[in-house]
Amino acid sequence: MAGKQSSDHQTIIDVGGSKIGGDELMIIAGPCAVENKVQLLSTAKSVTKYGAHILRGGAFKPRSSPYSFQGLEEEGLHLLQLARLETGLPVVTEVMDTRQVELVGEYVDILQVGSRNMSNYPLLKEVGKAKKPVLLKRGMNATIDEFMWAAEYILSRGNDRVILCERGIRTFETAYRNTLDLNAIPMLKSLTHLPVIVDPSHGTGHRWMVGPMAKAAIAAGADGLQMEVHYKPEEALCDGNQSLYPEDFEKLMQELKILAPAIGRSLSFRKAVLH
Ligand code: PEP
Ligand code: MN
């Protein structure tokens, strides 16, 4: 079902009026984690002002250390709902456990399955039954074939709204957090009708590398981007080093708008309706 042979058209997914998978590029931006009201609302308002289509923010965080900030959990979902009301932006957040799918689905517009859970088959089956689109991130050790099979799990349970996200893979290289696999973009686009986006934040781990790799991903054919933006990255509880300042995000959005038509795409900024 994920393969191109099963569908004669490209899948286009509508999220709150913004479409992903067509000519238009879709930009998802926001903090790594929801930390508090001021942090989320300030960041959300900035990304809205600069044209983002969807707000991201983790309420349940998969951290390497059990002593690191684990997310605000349900309180984080409430804050995301508030940000959604104040900015009008649809929201995406990660779901880490089968037991959270129903709850998270009540608050957000897209369910994210993170890299660490790409091969959590019970979770894939559960989001496959959900009535919300799923943003499926490539496992950091997963092959393209395994990534496609993970998407198949979701599709085969009845959910046909799956967005694939390349977010970097583990290689011998340690100069950056992950090796963003740009090859995956044309490869996936040739294999599947599903939309393919790229996360240059986790893909690099360095703020200054996000812009160049975001542009490279769009040039390589990605349908959109997911990027971390924080109103004060130096104070972030999670992934501050790879989070853009709002001004960096604004500049990058302007550059992407110029780049898009050169490769037959377009980027229209979502109209900000801030309350
Ligand atoms: C995230 O997007 O919040 C995240 C944890 O990313 P990944 O699953 O790709 O590591
Ligand atoms: Mn992060």
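Miscellaneous remarks
- Residues within region 17-49 that are under 27 Å from Leu237 (Cβ atoms), open to solvent by 10 Å² or more (accessible area, probe 1.4 Å) and touching a strand residue (DSSP E or B) at 6+ places or on another chain (Cβ under 8 Å), tallied: 1
Every residue, every condition in (1) among the β-branched types (Val, Ile, Thr); (2) buried (at least 24 other Cβ atoms within 10 Å of the Cβ), yes or no:
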site	(1), (2)
Leu111	no, yes
Arg116	no, no
Ser119	no, no
Pro122	no, no
Lys125	no, no
Gly128	no, no
Lys131	no, no
Ile144	yes, no
Phe147	no, yes
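- Only one of Leu191, Leu225, Leu237 that is within 14 Å of ligand 1 (Cβ to nearest atom) and more than 17 Å from the chain's Cα centre (by Cα): Leu237
Yes/no per residue for (1) among the charged types (D, E, K, R); (2) within 16 Å of ligand 2 (Cβ to nearest atom); (3) at pLDDT below 95; (4) over 26 Å from Ala151 (Cβ atoms):
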residue	(1), (2), (3), (4)
Leu182	no, no, no, no
Ala216	no, no, no, no
Gln242	no, yes, no, no
Ala262	no, no, no, yes
Ser268	no, no, no, yes
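One line per residue, one yes/no per condition, for (1) charged (D, E, K, R); (2) open to solvent by 40 Å² or more (accessible area, probe 1.4 Å):
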residue	(1), (2)
Val210	no, no
Lys215	yes, yes
Gly221	no, no
Gly224	no, no
Met227	no, no
Tyr231	no, yes
Glu235	yes, yes
Asp239	yes, no
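- Pairs, first within 15 Å of Gly76 (Cβ to Cβ) and in contact (Cβ under 8 Å) with a residue 12 or more places away in the chain in region 96-114, second part of a helix (DSSP H, G or I) and open to solvent by 50 Å² or more (accessible area, probe 1.4 Å), C-beta under 6 Å, six or more apart: Tyr107/Gln81
- If you check Glu228, Glu152, Glu173, Glu146 for being out of contact with any helix residue (DSSP H, G or I) (no Cβ under 8 Å at 6 or more places or on another chain) and not in a helix (DSSP H, G or I), only one passes: Glu173.
- Ser201 vs. criteria under 22 Å from Ile13 (Cβ atoms) and either part of a helix (DSSP H, G or I) or among the aromatic types (Phe, Trp, Tyr) (or both): yes
- All positions within region 42-74 that are more than 16 Å from ligand 1 (Cβ to nearest atom) and more than 27 Å from Arg270 (Cα to Cα): Tyr67, Glu74
The values are calculated or read from the model by the stated rules, or taken from the named source; none is laboratory data. Only a predicted model underlies this, so the values are computations on that prediction, with no experimental measurement involved. Counting neighbours? That spans all protein chains shown, and the Cβs are built from the backbone with ideal geometry, glycine included. For accessibility, only protein heavy atoms count, side chains too; no ligands or nucleic acids. Shrake-Rupley method; radii C 1.70, N 1.55, O 1.52, S 1.80 Å.
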